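The structure appears right after this line, and notes come after that.
Just so it is clear, none of the values below were taken in a lab; they were calculated from the coordinates. Only a predicted model underlies this, so the values are computations on that prediction, with no experimental measurement involved. Backbone-built Cβ (ideal geometry, glycine too); neighbour counts: all protein chains shown.
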Amino acid sequence: MFYDKHAKILITIVCAILGVMLATQFRTNESRKANIPYQRAEDLSERLKVVEKERNQLLLEIQRLQEKASDEVVAREINMLKAYAGDTALHGPGVIVTVDDSKKVSKPGENQNLYLIHDDDLLRIINELRASGAEGIAINEERLIAVSEIRCAGPTLSVNNNRFAPPYVIRAIGDPKSLETALKMRGGVIETLKFWGIQVTVTQEENVVLPAFKGTHSFEYAKVGEGGKG
Amino acid sequence: MIYPIIGLIIGIFLGLNMPISLPQEYVKLLSVALMAVLDSVLGGMRSAKEGNYDNQIFISGFFVNAFVATLLCYFGERLGIDLYFVGILAFGLRIFQNIAIIRRLYLGK
């Protein structure tokens, strides 16, 4: 060969240095790729791409469903509004409250009216039920709606222009527990009524059925909308 | 031809097993130095093939080239001039030139 032994060693060393440099460069590059910020950025951009794709797909799906289901949505809305207005029968958990006149014999000279159920007694019960979250209420077979009245009509009670005699059965759908506790609250409605001997029983029921409102809705004076200038 | 390969293998082995890792800002310097070294080695191979190999020229060329390339790149970085690319380009060109000559010499033309 054309180089002596001395040169061979030097060349080996030189090549070793080259190898070290190559390996170092390689390793540095690898570790840079494995660096957290680098990796994280790559990761995030990857996820962003995936999520954006997903979002676009979902948007398309929304569009498709809206086109397809607008009729269904309207129908569902109408059903919902009917239920709110009381036009459909409802059922669900709730309480049944039975109220009956007092069996106590009034003392002579005392006002006998105090021992009878009055419209305001029922109104207080109804009010209490509504306050504790009743979603629908009926008295006997009359569903209470926004324009229902409860008023004395001689010895009877008029609800939705139908007359009822005691005992009155009030059905309410809601959380049975909170409805009952609201009524039985200390110093509440039932305690007051019991004082006069009026018989009130409250039972929690799994399935209370409310009848639909049987009358018709009509506006004689009211018109829909804000009506512009007063 | 066996000694350079042995040296290279030893070097790579050492480099892979060394616990040091280069800080981010020196990566460019090392890459330029690497190009210079690669060029020197190929130049040495070429001159060996041509028969006018000189040990001193080879060794000095190896270190001086690497050093000057690194220095140039360093100052370029300091001054905001990308001399790094110049080094890479120049040495890259020379590497290809050397490879071409070596190939011709091996083919005996």
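For chain B, relative contact order (Cα pairs under 8 Å, six or more residues apart, normalised by length) works out to 33 percent.
For chain A, what does the relative contact order come out to in percent, with C-alpha contacts under 8 Å and a separation of six or more? Each step should come with its number before you reach the end.
Working: 269 pairs, mean separation 59.9, N = 230.
Once normalised by length, the contact order is 26 percent.
Which loop GluC sites (Glu not before Pro) in the range A:89-135, with loop taken from DSSP, have no more than 16 other Cβ atoms within 10 angstrom of their Cβ? Hits after loop and neighbour filter: A:GLU110, A:GLU135.
For each of A:LEU210, A:LEU44, count neighbouring Cβ atoms within 10 Å of the residue's Cβ, then give the residues from fewest to most.
Values: A:LEU210 23, A:LEU44 10.
Ordered from fewest to most neighbouring Cβ atoms within 10 Å, A:LEU210, A:LEU44 come out as A:LEU44, A:LEU210.
Building the convex hull from the alpha-carbon atoms of chain A and averaging its projection over directions returns 31.8 nm². Mind telling me which of A:GLY133, A:GLY154, A:GLY94 comes out most flexible in a GNM of chain A, alpha-carbon contacts under 10 Å? Taking springs between Cα atoms under 10 Å, the residue moving most is A:GLY154.
Given in Å, the Rg to one decimal and the Dmax to the nearest whole number for the Cα atoms of the range A:161-223 are 16.1, 46. In this simple spin-label approximation, A:ARG32 and A:ASN113 carry label points 7 Å from Cα along the Cα→Cβ vector, and these lie 9.7 nm apart. What residue among B:LEU72, B:LEU89, B:LEU16 has the largest mean-square fluctuation in a Gaussian network model of chain B, using Cα springs under 10 Å? In the Gaussian network model the winner is B:LEU16.
Among rounded, prolate and oblate, which fits the range B:1-50 when a ≥ b ≥ c are the square roots of the eigenvalues of its C-alpha gyration tensor, a/c under 1.5 means rounded, and a/b larger than b/c means prolate? Kindly include the intermediate steps, with their values, before the conclusion.
Details: a/c = 6.79, a/b = 1.49, b/c = 4.56.
It is oblate, given that a/c is not under 1.5 and a/b is not larger than b/c.
Converting the Cα gyration tensor eigenvalues of the range B:25-107 into ellipsoid dimensions via √(5λ) gives semi-axes, longest first, of 27, 13, 8 Å. The percentage of C-alpha pairs in the range A:1-85 whose separation is greater than 17 Å is 76%.
As a proxy for reagent exposure, B:ILE59, A:ILE173 were ordered by neighbouring Cβ count within 10 angstrom, fewest first; the result is B:ILE59, A:ILE173.
As a quick test, which of the pairs A:LYS68/A:LYS177; A:LYS107/A:LYS177; A:LYS33/A:LYS53; A:LYS82/A:LYS177 have an alpha carbon distance above 32 angstrom in this structure? Check vs 32 Å cut-off fails for A:LYS68/A:LYS177; A:LYS107/A:LYS177. Applying the Kirkwood pairwise sum to the alpha-carbon positions of the range A:51-140 produces a hydrodynamic radius of 18.4 angstrom. Ranked for footprinting exposure by Cβ neighbours inside 10 Å, fewest first, A:ARG163, A:ARG186 give A:ARG186, A:ARG163. The Cα center of the range A:139-184 and the Cα center of the range A:1-71 differ in position by 74 Å. Using a Gaussian network model of chain A in which every pair of alpha carbons under 10 angstrom is joined by a spring, one finds that among A:HIS91, A:HIS217, A:HIS118 the greatest mean-square fluctuation is at A:HIS217. Measuring how big the range A:115-230 is from its alpha-carbon positions, Rg and Dmax come out at 16.2, 54 Å.
Take every pair of alpha-carbon atoms less than 8 Å apart whose residues are at least six positions apart; their mean separation over the length of the range A:105-183 yields a relative contact order of 33 percent.
What helices does chain B have that are whole DSSP H segments, at least 27 Å long along their own axis by Cα, and with mean Kyte-Doolittle hydropathy of 0.5 or more?
Working: long enough: B:27-50 (34 Å, 0.94); B:55-79 (36 Å, 1.07); B:83-107 (36 Å, 1.35).
Qualifying helices: B:27-50, B:55-79, B:83-107.
So what is the diffusion coefficient of the range A:100-183 in µm² per second by Stokes-Einstein at 37 °C and 0.692 mPa s, using a Kirkwood Rh over Cα pairs? Working shown, then result.
Values: Rh = 13.8 Å.
Answer, rounded: 238 µm²/s.
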